[in-house]
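The values are calculated or read from the model by the stated rules, or taken from the named source; none is laboratory data. Everything numeric here is computed off the predicted structure, so don't read it as measured data. Neighbour counts run over all protein chains shown; Cβ positions are idealised from the backbone, glycine included.
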């Protein structure tokens with residue numbers, strides 16, 4: 001590790017009071033280290049919505065101090081920077097020790113409402129002992145994607161880590177080609193992962209496993225301490241949150257791309273944005289990650305993989321829970337929890353207020369038709385809100401999304417009859433569906449346009465796109481182009497683990 005201590009000075013940064021609860025764990029859980037400074041850092045974008053979570057005045061974004069602190073060139077008073085160790089299963093195979101290869105935890109600060117603490121983590125702040133021959137840097141391209149998507153997901157109401165800022169530098173690193181670097185400041189109550197527990201289980205260090213479990217339960221699940229078996233209750237709660245998260249992803253067509261156990265949050269958050277994507281032309285088997293040659297993390301596999309990952313966590317917690325039977329019992333509600341939440345979300349997306357016999361067949365027929373016609377996922381559900389029971393002519397904008405128009409006509413008769421059966425009212429249903437079905441999602445081509453402008457020193461599109469995505473359910477007619485079908489050139493876009 002390079003000696004960078006002499007280049008790091010302490011910043012008072014009076015708006016934030018920094019501690020580091022994770023640093024109270026024994027030293028085997030992490031490595032203390034300083035971020036590696038970057039030359040001549042500058043602000044790419046600052047997120048006022050995220051800064052409000054920690055009571056930070058957005059006016060600070062333009063200050064030299066903010067740029068230096070959140071590029072890793074300075075430390076805030078109280079900060080105890082560290083990188084955590086963990087292990088994990090990657091693409092279904094045990095990968096052994098991993099850890100924060102590009103991430104450095106600065107510490108945690110109180111939330112603005114005082115209800116909890118929020119960790120601040122720099123991604124791309126230099127090499128760590130867990131970098132696995134890498135340079136520990138993040139490139140501007142991937143940093144912009146994570147920054148925008150974490151905020152888009154939050155606005156969609158999906159649990160996620162957040163992003164405070166992107167700080168850029170003209171420093172070059174080699175990927176497929178030379179690229180400029182950037183540092184993203186990520187925010188979450190905790191970045192502990194399923195793989196954090198697997199690390200101690202597979203290293204047969206059950207005392208460390210217990211220390212971590214007790215820490216997580218005390219900090220984030222204190223209500224479980226009084227249960228008969230807190231570790232079993234913890235697994236059950238994480239399993240439930242994961243099931244709900246998978247349902248949330250499926251309902252908006254989000255694909256994570258790399259659902260390794262080291263990328264799974266013990267708080268049920270969407271974590272570690274890499275080769276993600278939002279479904280466009282509907283294909284249940286779509287693989288958003290070009291690296292995923294076997295399709296392990298395809299769209300229709302995500303609920304199953306979420307369940308698999310919970311079993312991997314259960315295996316790691318087995319020494320604490322005490323028996324296989326109790327561990328399996330903690331996992332038994334995953335599937336019912338997923339089905340119930342997904343079913344509720346689908347009813348809401350179709351504007352249905354009641355559950356009736358035949359609804360599942362209606363949904364299945366809809367998705368089969370969408371698959372055959374390669375119907376755009378987001379546009380379909382958004383336009384479905386304009387469906388009128390008494391006026392078939394109103395179907396035209398929706399019908400235009402289908403190659404199989406005859407098939408759509410048949411399905412629309414079934415849907416119209418279903419709406420009549422519960423005496424649905426067009427106006428109220430439309431309002432409810434607009435609050436459920438987003439008009440704007442982070443399509444890959446939108447991110448690519450922002451990236452290409454940023455690579456030419458124009459960062460305005462990042463800010464503009466972030467603000468649009470922070471109001472995904474609003475009409476925003478002045479930005480209607482951002483809700484349009486992707487252009488033909490977007491068909492050639494690919495994302496992979498290197499993204």
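Which of the residues that make up the range 414-441 are in contact with a helix residue (DSSP H, G or I) (Cβ under 9 Å, 6 or more places away or on another chain) and outside any loop (DSSP other than H, G, I, E, B)?
Hits for the range 414-441 are 414, 415, 416, 418, 419, 426, 429, 432, 433, 434.
Looking for something in a loop (DSSP other than H, G, I, E, B) and out of contact with any strand residue (DSSP E or B) (no Cβ under 8 Å at 6 or more places or on another chain) - is there at least one such residue anywhere in the range 43-53? Spell out how you get there, then give the answer.
Of the range 43-53, the ones in a loop (DSSP other than H, G, I, E, B) are 47, 53.
After this cut, where a residue has to be out of contact with any strand residue (DSSP E or B) (no Cβ under 8 Å at 6 or more places or on another chain) as well, the list is none.
Scanning the range 43-53 turns up no residue that is in a loop (DSSP other than H, G, I, E, B) and out of contact with any strand residue (DSSP E or B) (no Cβ under 8 Å at 6 or more places or on another chain).
Of the residues in the range 73-92, how many are crowded, with 18+ Cβ neighbours inside 10 Å, in a loop (DSSP other than H, G, I, E, B) and under 23 Å from the mean Cα position of the chain (by Cα)?
Selection size over the range 73-92: 2.
Given (1) at pLDDT 95 or above; (2) touching a strand residue (DSSP E or B) at 6+ places or on another chain (Cβ under 7 Å), identify the lone condition not met by residue 78.
It fails just one condition, (1).
Would you be able to tell me the number of residues in the range 163-179 that are in contact with a strand residue (DSSP E or B) (Cβ under 9 Å, 6 or more places away or on another chain), in a strand (DSSP E or B) and surrounded by fewer than 20 Cβ atoms within 10 Å (Cβ to Cβ)?
Residues that pass the stated criteria total 6.
Taking the criterion of being closer than 28 Å to residue 118 by Cα, in contact (Cβ under 8 Å) with a residue 60 or more places away in the chain and under 15 Å from the mean Cα position of the chain (by Cα), would at least one residue in the range 285-296 satisfy it?
No, the conditions are met nowhere in the range 285-296.
Considering the range 184-208 alone, what residues qualify as being touching a residue at least 60 places away in the same chain (Cβ under 8 Å), out of contact with any helix residue (DSSP H, G or I) (no Cβ under 8 Å at 6 or more places or on another chain) and assigned to a helix (DSSP H, G or I)?
Within the range 184-208, just 199 meets the criteria.
Between 490, 480, which is more than 23 Å from the chain's Cα centre (by Cα), outside any loop (DSSP other than H, G, I, E, B) and not assigned by TED's automatic domain parsing to the domain that holds residue 279?
Working: 490 fails: more than 23 Å from the chain's Cα centre (by Cα).
The unique qualifying residue is 480.
Identify, by number, the condition in (1) buried (at least 18 other Cβ atoms within 10 Å of the Cβ); (2) at pLDDT below 95 that residue 15 doesn't meet.
For residue 15, the exception is condition (1).
Of the residues in the range 391-444, how many are surrounded by fewer than 16 Cβ atoms within 10 Å (Cβ to Cβ) and either under 30 Å from residue 142 (Cβ atoms) or at pLDDT below 95 (or both)?
Looking only at that region, the number is 6.
Sort out which residues of the range 442-474 are more than 16 Å from residue 144 (Cβ to Cβ) and in contact with a helix residue (DSSP H, G or I) (Cβ under 8 Å, 6 or more places away or on another chain), and write them in order of number.
The answer is 471, 472, 473.
Condition check: surrounded by fewer than 23 Cβ atoms within 10 Å (Cβ to Cβ) and at positive phi. Does residue 257 satisfy that?
No: the conditions fail for residue 257.
What number of residues within the range 218-234 are assigned to a loop (DSSP other than H, G, I, E, B) and touching a residue at least 40 places away in the same chain (Cβ under 8 Å)?
1
Identify, by number, the condition in (1) surrounded by 14 or more Cβ atoms within 10 Å (Cβ to Cβ); (2) farther than 30 Å from residue 155 by Cβ; (3) touching a residue at least 60 places away in the same chain (Cβ under 8 Å) that residue 358 doesn't meet.
(1)
Would you confirm, using the coordinates I've provided, whether residue 453 is under 30 Å from residue 171 (Cβ atoms), assigned to a helix (DSSP H, G or I) and over 23 Å from the mean Cα position of the chain (by Cα)?
yes
Within the group 369, 352, which residue is assigned to a loop (DSSP other than H, G, I, E, B) and either crowded, with 16+ Cβ neighbours inside 10 Å or touching a strand residue (DSSP E or B) at 6+ places or on another chain (Cβ under 9 Å) (or both)?
Only one candidate passes the filter, namely 352.
Going residue by residue through the range 414-436, is there one that turns out to be under 17 Å from residue 278 (Cα atoms) and under 21 Å from the mean Cα position of the chain (by Cα)?
Yes.
Look at residue 95 and say whether it is surrounded by 18 or more Cβ atoms within 10 Å (Cβ to Cβ) and either in contact (Cβ under 8 Å) with a residue 40 or more places away in the chain or in the same structural domain as residue 54 (by TED's automatic domain parsing) (or both). Even if it seems obvious, please write down each step before you answer.
Numbers: surrounded by 18 or more Cβ atoms within 10 Å (Cβ to Cβ): no; either in contact (Cβ under 8 Å) with a residue 40 or more places away in the chain or in the same structural domain as residue 54 (by TED's automatic domain parsing) (or both): yes.
Judged against the criteria, residue 95 is not a match.
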